[in-house]
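**Student:** Structure incoming, see below.
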Amino acid sequence: HDGRDIIYPKPVLVAGARRLEACKQLGWTEIDTTVVELYDIDLQLAEIDENLIREPLTALQRAEQLAQRKHIFEMKGGRKAVTLGGEQEIGFAKDASDKVGLSKTQINDDIKMAEGIPEKLRDELRGTESEDSLEDLKALAKEKDNPAAQKKAVKAVKSGEAKNLRTALKAEPKSPTKTATNMAMDELTECLREHPDQDELRACLAFFKKSSPWIGKVLRRLAK
């Protein structure tokens, strides 16, 4: 000891905020507590677990909390358990399920939702009915490779144009694809423009009669 005062970190309430407030309202001056040493990411992990267990979270909030928990879990290097065969790695879903009481399937589904919806769109969904709709959020996350469709769907819900995200996504028009006949007709039109010479035109038409039976029928009618 060098004579200086030792500075201890200020205690931080990790869990039990509502219970503490109730005790204060009852006039209690002393209550039993559990003191643990948690720092940095361990403290964040404990706070997330408390939220997942105690707080009335929406489907979107729960998915975000689990995604953040997974990030911290991986930063810590995972968790190991001692078994008869030695130490064994514990996967994130199993660890989270043990701590917060959710099924591994639900945990994995929630993380896919959070990772499949951009943060900006998640913020725009707050306060809407879709924020607490698993069906809506799953449908939106499935379109992660089509951010334009996601953005339009969220905008439609926010503006009231669509009842929910599923309806908005179904209404999104699909990109039109040209059929072989459409492409052949385009080529034929181009051919007619570029070959005013009668001999070249006949050769061009003969080609399309052979390559496309449907166009052949049209050309025969025109010839008559």
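The values are calculated or read from the model by the stated rules, or taken from the named source; none is laboratory data. The structure presented is a predicted model; accordingly, all values stated were derived computationally and were not measured. Glycine also receives a Cβ, built like all others from the backbone with ideal geometry; neighbour counts cover every protein chain displayed. When the accessible area is computed, the model is the full protein with side chains, heavy atoms only, and any ligands, DNA or RNA have been set aside. Shrake-Rupley method; radii C 1.70, N 1.55, O 1.52, S 1.80 Å.
**Student:** Select from segment 19-33 the residues that are over 37 Å from the mean Cα position of the chain (by Cα) and either among the polar types (S, T, N, Q) or open to solvent by 100 Å² or more (accessible area, probe 1.4 Å) (or both) and list them in ascending order.
**Tutor:** Lys24, Gln25, Leu26, Trp28, Thr29, Glu30, Asp32, Thr33
**Student:** If I ask for residues that are more than 15 Å from Leu169 (Cα to Cα) and within 11 Å of the chain's Cα centre (by Cα), which ones from segment 117-133 would you list?
**Tutor:** The answer is Pro118, Glu119, Arg122.
**Student:** Hey, can you tell me all the residues within segment 100-119 that are open to solvent by 60 Å² or more (accessible area, probe 1.4 Å), under 10 Å from Leu66 (Cβ atoms) and not in a helix (DSSP H, G or I)?
**Tutor:** Selection gives nothing.
**Student:** Checking the conditions here, which among Ala153, Ala141, Ala149, Ala96 is under 26 Å from Met75 (Cα atoms), within 14 Å of the chain's Cα centre (by Cα) and among the hydrophobic types (A, V, I, L, M, F, W, C)?
**Tutor:** Ala141
**Student:** Restricting to segment 1-50, what's the tally of residues that are within 24 Å of Arg62 (Cβ to Cβ) and at pLDDT 70 or above?
**Tutor:** 13
**Student:** Still on this model: With respect to Pro56, is the statement that it is open to solvent by 100 Å² or more (accessible area, probe 1.4 Å), modelled with pLDDT under 90 and closer than 24 Å to Ser133 by Cα true?
**Tutor:** In short, yes.
**Student:** Please go through segment 144-164 and give me each residue that is under 20 Å from Thr58 (Cβ atoms), in contact with a Leu (Cβ under 9 Å, 6 or more places away or on another chain) and not aliphatic (A, V, I, L, M), ordered by number.
**Tutor:** Selection gives Gln150, Lys158.
**Student:** May I pose another question? Specify the residue that is farthest from Ala141 (Cα to Cα); the eligible residues are those in segment 59-81 that are open to solvent by 90 Å² or more (accessible area, probe 1.4 Å) and either in contact with a Pro (Cβ under 6 Å, 6 or more places away or on another chain) or at pLDDT 85 or above (or both).
**Tutor:** Among those that are open to solvent by 90 Å² or more (accessible area, probe 1.4 Å) and either in contact with a Pro (Cβ under 6 Å, 6 or more places away or on another chain) or at pLDDT 85 or above (or both), it is Glu74.
**Student:** As an exercise: evaluate Leu137 against (1) modelled with pLDDT under 95; (2) in a helix (DSSP H, G or I); (3) among the hydrophobic types (A, V, I, L, M, F, W, C) and give the number of the one condition it does not meet.
**Tutor:** It fails just one condition, (1).
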